[in-house]
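Have a look at the structure below, then the notes.
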Amino acid sequence: MTSPQTADRAADRPSWAPLAVVLIGGFIAFLDFFIANVTIPSIQSDLGASAPETELVMVGYGAALCVGLITGGRMGDIFGPRRMFLIGLALFTVASAACGFAPSIWFLIVARVIQGLSSALLAPQVLAIVSHVYTGEARGRAFSAYGLMLGLSGLCGQLIGGALIALDVAGLDWRTVFLINIPIGLVILALTPRTVPYIRTASGTKLDLAGVALATVSLAAVVVPLLEGREQGWPLWAWLSLIASVPLFALFITHQRRLAARNAAPLIDPGLFRERGFTVGVTAYFVYFMSMGSFFLLFAIYMQEGRGWDPLPSGLLFTTMSAGFFGSSFLAGKIAARIGNQVIALGAGLVAVGYGTVGLIVAQLGTDGTAGWVAPGLLVAGFGMGLVAAPLPAAALAGVDPKHASSASGVLSTAMEGGAALGVSLVGLVFFGTLGNSPALDSYPKAFYLSIAVIVVFPVIVTLLVQALPKPDPAAAGGSQGSDDEVGAVEQLVH
């Protein structure tokens, strides 16, 4: 006969196979947002593409992903997160094959848009599946693994892309960056039905098609000019689009509130934003990725165009940041057990210190000296990221009803992608404005460290926002001692 204690221990040791499967699927989806950066020169040469056309290879994916995440999340709530994960991954795998075998630049652009939309279907389901499958301490570990996956997808994008192009398997050059998704996607498609349990959803709920249309148009009105406006010199259409987004979002919010008042099924339940933790957490997530997205892009430009480094050596320098991130990810739980949500503030503060250190070193180096001197700053920034990666989304989702898990994850992912786009646009005004139309090599260091002065403001704002997060309930942590205290406190962050 199994004792209650034995049953409890078994419940605390669930299978990690579902987590591993969905995290790999989420990893390749988020990785493709970053990895394609290193393919741009090769694509221009191979397909005879212009600079604006190759820019659309990036913009098409990012815009499609961002505008589709909320709808993809809601579809997970209605049709089931496992089903939508499988559909999204299948489409992503096919779209990756289309990208890899693209005969022309416009074929590639269209394939990238489809790839972005398919990512919007699968990405929100990762957190939703984690929320449904795991509870208690296991959910805390699963959230930590999710944060690790998300951070590494950004940190490793340039390194993996540079390595694949350098290897030049079968003479495929840039195409391997997309073709590598095919075997990974097929394996995950085969494993998902065998490892991820079926998750029951509310029957009879219909998708709010009017809300889908309003959300898509509203987000597109913001995201497209943010991603494309700078490249085109901020034309009139970009400003008109941004202005039009205000009444569009107001109309969307009004529509969602009316549906909720009639006990209908809105695309986003307004009740989500009555949870202070969710509203503050999403805002902090948005601001945090304003710094992360802009730093990654501008540092890569500085190293490759300003210092003349190839993509692979430049990517290898990012391993310093990855090492800090990976190391602190294992400490985040222990630190959170002692200081609660302030682990996020500590991490964001270290990110600001790390970025600032890199900026100061670049200011001293100019175009001379060894660029490796920036490694200590990257290490500190990476360490700080590891303290933010898991606790921040966990704190945002702590009070969310599981039936809204996919929708809430979609909103959170939209904040991430939207924050990155806005950060690149705002900081890009400083960086590219300093460079000018015909930049000399000695103008890159100045453009970079002036941009850093703006970037460090964003993690500082995150440290202030964290102070508005709800305090964990000490009574819920239980009266146990030692390691149980850690489990109880961490659960307050991630359960």
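The values are calculated or read from the model by the stated rules, or taken from the named source; none is laboratory data. Quick caveat: nothing in here was measured; it's all calculated off a predicted structure. Methodologically, a virtual Cβ is constructed for each residue, glycine included, from the backbone with ideal geometry; neighbour enumeration extends over all protein chains shown.
Please tell me if Gly410 is touching a helix residue (DSSP H, G or I) at 6+ places or on another chain (Cβ under 8 Å) and crowded, with 23+ Cβ neighbours inside 10 Å.
On the way: touching a helix residue (DSSP H, G or I) at 6+ places or on another chain (Cβ under 8 Å): yes; crowded, with 23+ Cβ neighbours inside 10 Å: yes.
Against the criterion (touching a helix residue (DSSP H, G or I) at 6+ places or on another chain (Cβ under 8 Å) and crowded, with 23+ Cβ neighbours inside 10 Å), Gly410 qualifies.
The rows are residues; the columns are (1) surrounded by fewer than 22 Cβ atoms within 10 Å (Cβ to Cβ); (2) charged (D, E, K, R); (3) part of a helix (DSSP H, G or I).
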position	(1), (2), (3)
Ser241	yes, no, yes
Phe249	yes, no, yes
Ala260	yes, no, yes
Thr279	yes, no, yes
Phe286	no, no, yes
Met303	no, no, yes
Trp309	yes, no, no
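Any residue at all in the stretch 44-62 that is modelled with pLDDT of 90 or more, of a type in the set (Gly, Ala, Ser), buried (at least 19 other Cβ atoms within 10 Å of the Cβ) and in a helix (DSSP H, G or I)?
In the first step, residues of the stretch 44-62 are kept if they are modelled with pLDDT of 90 or more; the result is none.
Scanning the stretch 44-62 turns up no residue that is modelled with pLDDT of 90 or more, of a type in the set (Gly, Ala, Ser), buried (at least 19 other Cβ atoms within 10 Å of the Cβ) and in a helix (DSSP H, G or I).
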Completion exercise
(1) buried (at least 18 other Cβ atoms within 10 Å of the Cβ); (2) within 25 Å of Leu429 (Cβ to Cβ); (3) out of contact with any Cys (no Cβ under 8 Å at 6 or more places or on another chain) all hold for Leu236 apart from (1)
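Please verify whether Gly154 is assigned to a helix (DSSP H, G or I) and more than 21 Å from Gly88 (Cα to Cα), treating the condition exactly as stated.
Numbers: assigned to a helix (DSSP H, G or I): yes; more than 21 Å from Gly88 (Cα to Cα): no.
Against the criterion (assigned to a helix (DSSP H, G or I) and more than 21 Å from Gly88 (Cα to Cα)), Gly154 does not qualify.
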Practice task
Considering only residues that are β-branched (Val, Ile, Thr) and either buried (at least 20 other Cβ atoms within 10 Å of the Cβ) or under 23 Å from Ser294 (Cβ atoms) (or both), look in the stretch 155-175 and name the one that is modelled with the lowest pLDDT.
Solution key: Ile165
Practice task
Assess whether Val343 counts as being modelled with pLDDT of 85 or more, of a type in the set (A, V, I, L, M, F, W, C) and closer than 18 Å to Val457 by Cα.
Solution key: no
Problem - Sole residue being surrounded by fewer than 24 Cβ atoms within 10 Å (Cβ to Cβ) and either touching a residue at least 12 places away in the same chain (Cβ under 8 Å) or in a helix (DSSP H, G or I) (or both), chosen from Leu86, Leu108, Leu122, Leu65 - result: Leu86
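Right, Leu117: part of a helix (DSSP H, G or I) and free of Cβ contacts under 8 Å to residues at least 60 places away in the same chain or not? It would help to see each step written out before you state the result.
Working: part of a helix (DSSP H, G or I): yes; free of Cβ contacts under 8 Å to residues at least 60 places away in the same chain: yes.
Yes; evaluated as a whole, the condition is true for this residue.
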Practice task
Would you kindly identify the helices (runs of 4 or more DSSP H) lying entirely within the stretch 311-404 that contain at least 1 residues that are among the aromatic types (Phe, Trp, Tyr)?
Solution key: 311-329, 342-365, 375-389
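Out of Thr216, Thr205, report the one residue that is in contact (Cβ under 8 Å) with a residue 40 or more places away in the chain, closer than 26 Å to Ala95 by Cα and hydroxyl-bearing (Ser, Thr, Tyr).
Just a single option satisfies the conditions, and that option is Thr216.
Matching residues to (1) buried (at least 22 other Cβ atoms within 10 Å of the Cβ); (2) closer than 27 Å to Ser144 by Cα; (3) free of Cβ contacts under 8 Å to residues at least 40 places away in the same chain:
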site: Thr283; (1), (2), (3): no, yes, no
site: Leu297; (1), (2), (3): no, yes, no
site: Leu312; (1), (2), (3): no, no, no
site: Gly315; (1), (2), (3): yes, yes, no
site: Ile339; (1), (2), (3): no, yes, yes
site: Ile344; (1), (2), (3): yes, yes, no
site: Ala348; (1), (2), (3): yes, yes, no
site: Ala352; (1), (2), (3): yes, yes, no
site: Ala363; (1), (2), (3): no, no, no
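Does Ala300 qualify as being at pLDDT below 90, within 23 Å of Val430 (Cβ to Cβ) and under 25 Å from the mean Cα position of the chain (by Cα)?
Working: at pLDDT below 90: yes; within 23 Å of Val430 (Cβ to Cβ): yes; under 25 Å from the mean Cα position of the chain (by Cα): yes.
Yes: the conditions hold for Ala300.
The rows are residues; the columns are (1) closer than 16 Å to Phe178 by Cα; (2) aromatic (Phe, Trp, Tyr); (3) assigned by TED's automatic domain parsing to the domain that holds Ser218.
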site: Ile24; (1), (2), (3): yes, no, no
site: Phe33; (1), (2), (3): yes, yes, no
site: Thr54; (1), (2), (3): yes, no, no
site: Gly62; (1), (2), (3): yes, no, no
site: Thr71; (1), (2), (3): no, no, no
site: Gly76; (1), (2), (3): no, no, no
site: Met84; (1), (2), (3): no, no, no
site: Ala102; (1), (2), (3): yes, no, no
site: Ile109; (1), (2), (3): yes, no, no
